[in-house]
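Every read-out reported here was derived from the displayed coordinates using simple, explicitly stated rules and does not represent laboratory data. Note that the coordinates shown come from a computational prediction; the quantities given were computed from them, not determined experimentally. Don't worry about glycine lacking a Cβ; one is built from the backbone with ideal geometry, like all the others, and counts go over all protein chains shown.
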Amino acid sequence: MRVGFQEELDYLEASLHEEGTLVLRSLRGALNALVQQDEELADEVIAFDDEIDARYLAVEEGVQELLARQTPVAGDLRLVLSMLHVNLHLERIGDYCVTIAKLVKLAPPVAPDRMFVDAFQEMGTRAEEMIRVALDSFAARNLEQAETLVDLDELIDRANRRFVQQVLSFGRDPKLHEWGLRMIVVSRCFERIGDHAVDIGERTAYLVSGEFREFTDASHPDEPEG
Amino acid sequence: MTTVNLKRRGRDVKGAAFKGVLLLSLIVGFATLVTLLVDVFRKGWQYVDETLFTNPPSIDPAIAGARPAILATIYLGLMVILFTVPIGVGTAIYLEEYADRRRWYNRLLELNIQNLAAVPSIVYGILGLAFIVRGLGLGQVLLAGALILTLLVLPNMIIASREALRAVPDTIRQGGYALGATQWQVTARQVLPAALPGIATGSILSVSRGIGETAPLIMVGAVTYVAFDPTILGPFTALPIQIYQWVRLPQEEFRALAAAAIIVLLGILLSLNAVAIWLRNRYQRRW
Amino acid sequence: MSVTDAPVKIAGDLQRESTPRGAAVFDVQNVGVSYDGNLAVHEVTLPIYEKQVTAIIGPSGCGKSTFIRVFNRMNDLIPNAKVHGKVLYHGADLYGKDVDPVEVRKQIGMVFQKPNPFPKSIYDNVAFGPRVLGWRKELDERVERALRRAALWDEVKDRLKKNALGLSGGQQQRLCIARALATEPDVILMDEPASALDPIATTRIEDLMHELKRDYTILIVTHNMQQAARVADMTAFFSVDIAPEGDRTGILVEYDETSKIFTQPSDQRTEDYVTGRFG
């Protein structure tokens, strides 16, 4: 029943996941550019964002079309609204990857400590993992899997805080300072990417349960972890 | 907390009175009919036997029968069906399916059919005498009687057929046309078959009206004393006429015989009507 | 490592069924319809594209049903109905001098608002069209084919000789569709085909339209604009023009792709109608 409608829904969701794949590639590219200080790769990442934006627009139009023509209700409506939000989060993640790439180009050529490289790898890989988990749990409508994102996000947050501490402990070298400031923004980008992945997880929760709720509320933090 | 009062408020006097009046009308009509029937049956039942059906009339009531009359009535009935149905149904189809209602002659035709149905039967009798018996030169024969009855009954037949055709929903015709059928195909293959039960019922009812007519048959020359079986082109009598004749004879027995003949006539008519009702119920369409 | 490796493809075989516009099956030029001199539909010009579903929407009295009956010359059956203008069907004028309406209706089929199966068997219903056309051979195959195409075969294959009136409303309507398909038309006109049906039967008819449009051009009139939004590729919005004397005439307001009509219509009247703020 409603074969046409189901096809359109499936197509839209497939487009969304395709966008997710593109975003992951962008993130991998940005991370590699960062770690290898590869400016050419950074340029590619920046150019690649156009592809992500094109998909973003297509999904947005698709949602508009579905709402106008098919008047979805109940689960279908929640799905379409969730896709609208997930689309936005993915696009924002893509933008953060571009920011990271731009900062790679802006930062002065300083050979960073092994420690920093490892820190970036960890955050970047963590972020990648979170995006995957977010998208997979959305596709599988798996609420439990989505909820694991909170803990994963905590790891990135901690890494981010540690990174900031380390940069603060730099000496007086102006080049190092500049580099450090730029890299704090990069770290922040990873942290924000993680937050967006959590937001995607919250969309899965909404889709499954119908409730609007945040996994954790920034204004009402839980007991600080020991 | 809202309280409701759902009890009957006072008596419905007008309603009860109205119902009473209706019941009274029903009883009056019914009672009269029942009285007549009972009277006829009491008088005539003893004479409803084989003699009635096998013997021709005679001066002796003991051996008198109504065989020629009964046969003639049956023949008349069959001939009337034979003539009326094609002409009546054909006219009805023309008027319902083909005629352009805006044309004056069609409107005239419509008006006149209604009028014709109301014309007294004696007028048909005179008509028959003038045009069929004398004009066509047929003479005073059974066929002439059948033709007159046909004319008498035709308006009813047309009206009944038209009702049957009208009862076929227009959506059926539209559906037929939309498939690329011509008017002939739609009419012959869809409308007519669907109207057939109504038409059949209508023809039987029309015929049963015709069989009971006396006046036109007298005008056309039904004789009152016929001792032989009727033939199409021969002199004839019919049950109503036979009844009329017997009633006028002085002997009491003949009156009883008349009652018996009435019973037979009623029997024929009621059977015809029963067939009509059965047909109607059997083929009742649920659109 | 390069980011932009292989060009990205959509997952698997999920191909989007976009229906690009084909040729125009009908070319309607300044067509108007009047009854007894009163204009019911005024000067409509639009093309109807092949193998698509085109919907006509609008408030009651806007002449939608009158307009759709122009396409199969059903208005001819109404005395005092006059059709002005030109209707080109594959280039030929439908109202030309030598054109036989009966022939037109054999190629342009119609399904009505209230299902109207003939009071005959299911088989005879579907076979009527071919029989009338003189196609006596392979009647069984034709009937089966039509019933399959109308998604009704499985439900009735064991009771083809039973009376069609015993079917449910939704089944009767699909029977009427099968009946129309049996004459192998080019175009199917549907005048509010689902308005007498319950929601599930309606969805089945809509799914059927989705399938049928692969092979047939479909033109539907509907007063349910959500239905038009769901099924149609192109949508025409008709409105009512009320003259100072009170005469009501239907006019074409907007004709565009359905997604445009329902996301950003060009005419304010269209916007008012689809958002439900009409009248």
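Data table
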{"read-out": "Looking only at the range C:63-83, and only at residues there that are charged (D, E, K, R) and away from every other protein chain (no Cβ under 14 Å), the one that is nearest to C:Gly250 (Cα to Cα)", "value": "C:Lys64"}
{"read-out": "Some residue of the range A:36-46 being among the hydrophobic types (A, V, I, L, M, F, W, C) and more than 11 Å from every other protein chain (Cβ to nearest Cβ)", "value": "no"}
{"read-out": "Residue within the range A:31-43 that is over 20 Å from A:Val185 (Cβ atoms) and not small (Gly, Ala, Ser) present", "value": "yes"}
{"read-out": "Within the range C:122-134, considering residues that are within 12 Å of chain B (Cβ to nearest Cβ) and within 16 Å of C:Arg159 (Cα to Cα), the one surrounded by the most Cβ atoms within 10 Å (Cβ to Cβ)", "value": "C:Val126"}
{"read-out": "Given (1) surrounded by 15 or more Cβ atoms within 10 Å (Cβ to Cβ); (2) farther than 22 Å from B:Thr73 by Cα, number of the condition B:Ile132 does not satisfy", "value": "(2)"}
{"read-out": "Among residues of the range A:1-35, those that are assigned to a helix (DSSP H, G or I), farther than 20 Å from A:Asn87 by Cβ and facing chain C (nearest Cβ under 7 Å), counted", "value": "4"}
{"read-out": "Single unsatisfied condition, C:Pro47 versus (1) part of a strand (DSSP E or B); (2) more than 15 Å from the chain's Cα centre (by Cα); (3) more than 25 Å from B:Ala181 (Cβ to Cβ); (4) not small (Gly, Ala, Ser)", "value": "(2)"}
{"read-out": "Residue list for the range B:206-225, filter: in a helix (DSSP H, G or I) and of a type in the set (S, T, N, Q)", "value": "B:Ser206, B:Ser208"}
{"read-out": "Criterion (surrounded by 13 or more Cβ atoms within 10 Å (Cβ to Cβ) and either within 14 Å of chain C (Cβ to nearest Cβ) or in contact with a Pro (Cβ under 9 Å, 6 or more places away or on another chain) (or both)) met by exactly one of B:Asn55, B:Asn106", "value": "B:Asn106"}
{"read-out": "The lone exception for A:Glu60 - which of (1) assigned to a helix (DSSP H, G or I); (2) surrounded by fewer than 17 Cβ atoms within 10 Å (Cβ to Cβ); (3) at the interface with another protein chain (Cβ under 9 Å from one of its Cβ atoms); (4) in contact with a helix residue (DSSP H, G or I) (Cβ under 7 Å, 6 or more places away or on another chain) it fails", "value": "(3)"}
{"read-out": "Entirely in the range B:103-205, the helices (runs of 4 or more DSSP H) that have 3 or more residues that are in contact with a helix residue (DSSP H, G or I) (Cβ under 6 Å, 6 or more places away or on another chain)", "value": "B:104-118, B:121-127, B:142-167, B:170-178"}
{"read-out": "Within the range A:47-57, tally of residues that are farther than 29 Å from C:Ala232 by Cα and either among the charged types (D, E, K, R) or more than 9 Å from chain C (Cβ to nearest Cβ) (or both)", "value": "5"}
{"read-out": "Residue list for the range C:156-173, filter: free of Cβ contacts under 8 Å to residues at least 24 places away in the same chain and part of a loop (DSSP other than H, G, I, E, B)", "value": "C:Lys157, C:Asp158"}
{"read-out": "Number of positions in the range C:179-209 that are surrounded by 19 or more Cβ atoms within 10 Å (Cβ to Cβ) and within 14 Å of the chain's Cα centre (by Cα)", "value": "15"}
{"read-out": "Selection status of B:Leu233, part of a loop (DSSP other than H, G, I, E, B), of a type in the set (A, V, I, L, M) and farther than 30 Å from C:Lys106 by Cβ", "value": "yes"}
{"read-out": "Output for the range C:89-106, where each listed residue is within 8 Å of chain B (Cβ to nearest Cβ) and in contact (Cβ under 8 Å) with a residue 60 or more places away in the chain", "value": "C:Lys106"}
{"read-out": "Members of the range B:169-189 that are at the interface with chain C (Cβ under 9 Å from one of its Cβ atoms), more than 17 Å from C:Lys106 (Cβ to Cβ) and either of a type in the set (A, V, I, L, M, F, W, C) or touching a Gly at 6+ places or on another chain (Cβ under 8 Å) (or both)", "value": "B:Ile172"}
{"read-out": "Close pairs (6 angstrom Cβ cut-off, 6 or more residues apart or separate chains): more than 7 Å from chain B (Cβ to nearest Cβ) and touching a residue at least 24 places away in the same chain (Cβ under 8 Å) in the range C:109-120, crowded, with 19+ Cβ neighbours inside 10 Å and among the acidic types (Asp, Glu) anywhere", "value": "C:Gln113/C:Asp191; C:Gln113/C:Glu192"}
{"read-out": "Verdict on C:Ile251 being of a type in the set (Val, Ile, Thr), touching a Lys or Arg at 6+ places or on another chain (Cβ under 7 Å) and over 20 Å from C:Val111 (Cβ atoms)", "value": "no"}
{"read-out": "Residue in the range B:87-98 that is without any contact (Cβ under 8 Å) to a residue 24 or more places away in the chain and surrounded by 10 or more Cβ atoms within 10 Å (Cβ to Cβ) present", "value": "yes"}
{"read-out": "Criterion (more than 11 Å from chain B (Cβ to nearest Cβ), assigned to a strand (DSSP E or B), more than 17 Å from the chain's Cα centre (by Cα) and surrounded by fewer than 24 Cβ atoms within 10 Å (Cβ to Cβ)) met by exactly one of C:Lys137, C:Lys86", "value": "C:Lys86"}
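Okay, residues lined up against (1) in contact (Cβ under 8 Å) with a residue 12 or more places away in the chain; (2) basic (Lys, Arg); (3) under 20 Å from B:Thr91 (Cβ atoms):
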position	(1), (2), (3)
B:Ala178	no, no, no
B:Thr182	no, no, no
B:Gln185	no, no, no
B:Ala195	yes, no, yes
B:Ile218	yes, no, no
B:Asp229	yes, no, no
B:Thr237	yes, no, no
